[in-house]
Amino acid sequence: MKAPEPRLQRKLLAWLLGPLAALLVLDTGVAYWNSVRFSNLAYDRALFEIGREIVLHVRAEPAGPRLDLSDAAGNILLRDPDDLLYYRVVATDGRLLGGDPQMPQPRNGAAAASPRPARFYEDVVHGEPVRMMVAWLPVGSAAAPTQVRIQVAETLHKRTRFAWEMVANVVLPQVLLIVMATAVVWFGVSRGLQPLQRLRRAVSDRSHLDLSPIATDDVPGEVRPLVDEVNELMARLGRTFDFQSRFVADAAHQLKTPVSGLKAQIELALRETDPERVRHSLAQLYISADRLSRLVRQLLSLARNEPGALDAMQLHPVDLDACALEASMEWVPEAIRHEIDLGFEGAGEPLMIDGDPDRLRELINNLIDNAIRYSQRGGRVTVRTEKTAADQCRLGISDDGPSIPVEERQRIFERFHRLLGSGQDGSGLGLAIVSEIATLHGARITLEEDTDGVGNTFSVFFRLRSS
Ligand SMILES: Nc1ncnc2c1ncn2[C@@H]1O[C@H](COP(=O)(O)OP(=O)(O)OP(=O)(O)O)[C@@H](O)[C@H]1O
Ligand SMILES: [Mg+2]
């Protein structure tokens with residue numbers, strides 16, 4: 001089987017690395033913006049100095065200022081290994097004194113004389129982005145002072161390079177930190193998840209028959225409730241499996257004898273030639289088949305009411321008094337056949353309980369069936385319902401037949417347990433079914449002999465509905 005993906009590990013890493021990466025991008029942006037600001041601060045100063053140097057070559061003459069800058073001097077001033085520099089000097093009357101005539105005019109506001117020594121901004125010269133400096137600088141003597149406007153532009157190569165170098169200096173250590181954090185987290189999470197991997201192996205290595213609880217010593221606290229729940233589920237499954245396998249074994253065992261008996265009887269009947277004897281054999285066969293069908297019905301009923309049935313059971317408000325009366329009425333013909341006086345003493349009021357009507361009828365039928373069958377002819381059987389407390393009622397079935405010995409009163413509720421010498425057919429499942437149905441309803445059963453020492457009284461105590 002393919003090992004499941006360690007999703008938790010990936011999720012944790014994604015949660016850690018996602019925000020860290022976003023932070024890194026943000027930080028790179030801020031670092032770049034700062035670097036550009038600092039490189040401008042440094043290089044703008046140099047640009048202004050070049051402007052001042054150029055203006056030092058402006059002579060104040062009677063006809064107006066004149067720029068006296070030789071090509072050689074200009075080359076020295078404007079030489080830079082990385083960038084191209086352009087300049088232009090203009091007199092107050094707008095006359096171009098020297099420099100590049102194609103340089104763009106100063107931007108709005110920068111053209112006017114201003115108290116600030118210089119203004120700097122981004123512009124484009126000869127199709128290339130530049131940093132532009134515009135300044136008004138004094139020229140001439142103290143007696144005849146005037147001003148010239150100097151513009152110096154510089155391409156952005158070294159500024160950009162400087163800014164990226166600074167960004168790299170700030171960001172690289174952070175990238176390194178994130179890589180290391182990833183490695184540490186990966187390692188830590190793998191180690192942290194090891195108990196879960198062991199747990200997975202412990203479960204996958206198990207035989208499907210092994211329902212013993214999973215050991216919880218090594219399990220992390222967060223997962224422990226889950227493992228406890230799984231163990232609880234396995235315990236429930238184990239109980240159901242036990243019940244099922246016991247049931248199958250019992251059923252097979254119990255069915256074997258009557259089925260072989262049936263077969264033997266049929267073989268015997270086949271060999272008969274006398275029609276009268278064949279008829280007699282068929283009558284015997286009918287009785288055996290009837291017994292077998294009762295056994296099968298009881299086995300199915302037992303399986304239907306096993307403890308796990310609680311989940312499938314739908315409880316409804318049921319009037320126990322009405323239910324018991326209805327069931328008793330149905331038994332009247334059978335009682336008459338056995339010459340039994342079957343009586344009903346109701347509570348005189350509805351006794352509402354939460355129950356499953358079909359199952360309740362099954363419970364009452366089994367108890368009345370026993371009472372009638374195990375009492376002698378001419379006996380008396382009484383079905384009684386009564387309220388015994390504010391929240392409790394009782395269903396009682398009494399007979400005046402031979403009392404069940406004290407030592408047997410517990411055992412008769414076990415499956416297939418029957419008393420010897422009752423002289424009646426039966427599968428020994430009726431009371432086991434009664435007991436299961438009572439348990440499903442949260443009811444309690446007691447068995448007592450009557451006050452005069454004969455007869456038996458089976459009582460089932462139910463909780464009344466609260467409203
Ligand atoms: N009212 C009773 N009086 C005397 N003996 C009883 C009474 N009820 C039950 N018993 C005894 O308890 C045994 C178990 O009863 P249970 O109803 O479980 O099985 P059963 O009647 O033998 O078979 P079936 O599954 O067909 O009902 C009976 O065989 C009988 O010996
Ligand atoms: Mg019975």
- Task: For the stretch 169-186, just list the computed ³J(HN,Hα) in residue order, Karplus coefficients 6.51, -1.76 and 1.60, θ = phi - 60°, integers in Hz, with x standing in for Gly and Pro.
- Result: 4, 7, 7, 4, x, 5, 4, 4, 4, 5, 4, 5, 4, 4, 4, 5, 5, 4
- Between the stretch 388-467 and the stretch 205-255, how many Å separate their Cα centres? 32 Å
- Net charge (Lys, Arg +1; Asp, Glu -1) of residues whose beta-carbon lies under 14 Å from that of Ser39, Ser39 excluded, is 0
- Message: I'd like the Karplus ³J(HN,Hα) series for the stretch 152-164: coefficients 6.51, -1.76, 1.60, θ = phi - 60°, whole numbers in Hz, and an x wherever there's a Gly or Pro.
- Response: 10, 10, 9, 5, 9, 3, 6, 5, 4, 4, 4, 4, 5
- Task: Whole number in Å², please: accessible area per residue of the stretch 314-463, 1.4 Å probe, ligands, DNA and RNA not counted.
- Result: 48 Å²
- Message: For the stretch 7-164, what does the accessible surface come to per residue with a 1.4 Å probe? Please give it in Å².
- Response: 58 Å²
- Item | Dipole magnitude of the stretch 289-396, debye to nearest 20 (Cβ charges: Lys/Arg +1, Asp/Glu -1, about Cα centre) | 560 debye
- Query: Long-range amide H contacts for Val130: which residues qualify at under 5 Å (H placed 1.01 Å from N, peptide plane, sequence gap of 5 or more or a different chain)?
  - Reply: Asp123, Val124, Val125
- Note on the structure: Of the accessible area of the chain, computed with a 1.4 Å probe and all protein chains kept, carbon and sulfur make up a percent value of 59 percent
- Run through every distinct alpha carbon pair of the stretch 375-434 and return the Kirkwood hydrodynamic radius in angstroms, one decimal place. 13.6 Å
- 3J(HN,Hα) from dihedral phi, the stretch 129-146, Karplus parametrisation 6.51/-1.76/1.60, rounded to Hz, x for glycine, proline: x, 9, 9, 10, 10, 10, 8, 9, 10, x, 9, x, 8, 5, 6, 10, x, 8
- Message: Based on DSSP loop calls and a cut-off of at most 15 other Cβ atoms within 10 Å, the longest stretch of the chain free of exposed GluC sites (Glu not before Pro) is what?
- Response: 1-221
- Would you mind giving the average projected area, over all directions, of the Cα convex hull of the chain in nm² with one decimal? 49.0 nm²
- Could you tell me what fraction of 2.2 N^0.38 Å the Cα radius of gyration of the stretch 353-401 comes to, as a two-decimal ratio? 1.31
- Query: Helix-derived [θ] at 222 nm for the chain: sum -39500 (n - 2.57) over DSSP H runs of at least 4, divide by residue count, nearest 500?
  - Reply: -17500 deg cm²/dmol
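Write down the Kirkwood hydrodynamic radius of the stretch 1-87, to one decimal in angstroms, obtained as one divided by the mean of 1/r over all alpha carbon pairs.
By the Kirkwood definition, the hydrodynamic radius is 18.6 Å.
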- Query: Using the Kirkwood formula over every pair of different C-alpha atoms, what hydrodynamic radius in Å results for the stretch 314-463?
  - Reply: 15.5 Å
- Query: Using modelled backbone amide H atoms (1.01 Å from N, in-plane), which distant-in-sequence or interchain residues come within less than 5 Å of Leu351's amide H?
  - Reply: Leu320, Asp321, Ala322
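Given a 1.4 Å probe and heavy atoms of the protein chains only, how would you sort Ser466, Ser293, Ser288, largest accessible area at the top?
Values: Ser466 130, Ser293 55, Ser288 25 Å².
Highest to lowest solvent-accessible surface, that is Ser466, Ser293, Ser288.
The values are calculated or read from the model by the stated rules, or taken from the named source; none is laboratory data. None of the values given here were measured: they were computed from a predicted structure. We place every Cβ from the backbone using ideal geometry, glycine too, and count neighbours over all the protein chains shown. Just the protein is used for accessible areas: all its heavy atoms, side chains included, with ligands, DNA and RNA removed. Shrake-Rupley method; radii C 1.70, N 1.55, O 1.52, S 1.80 Å.
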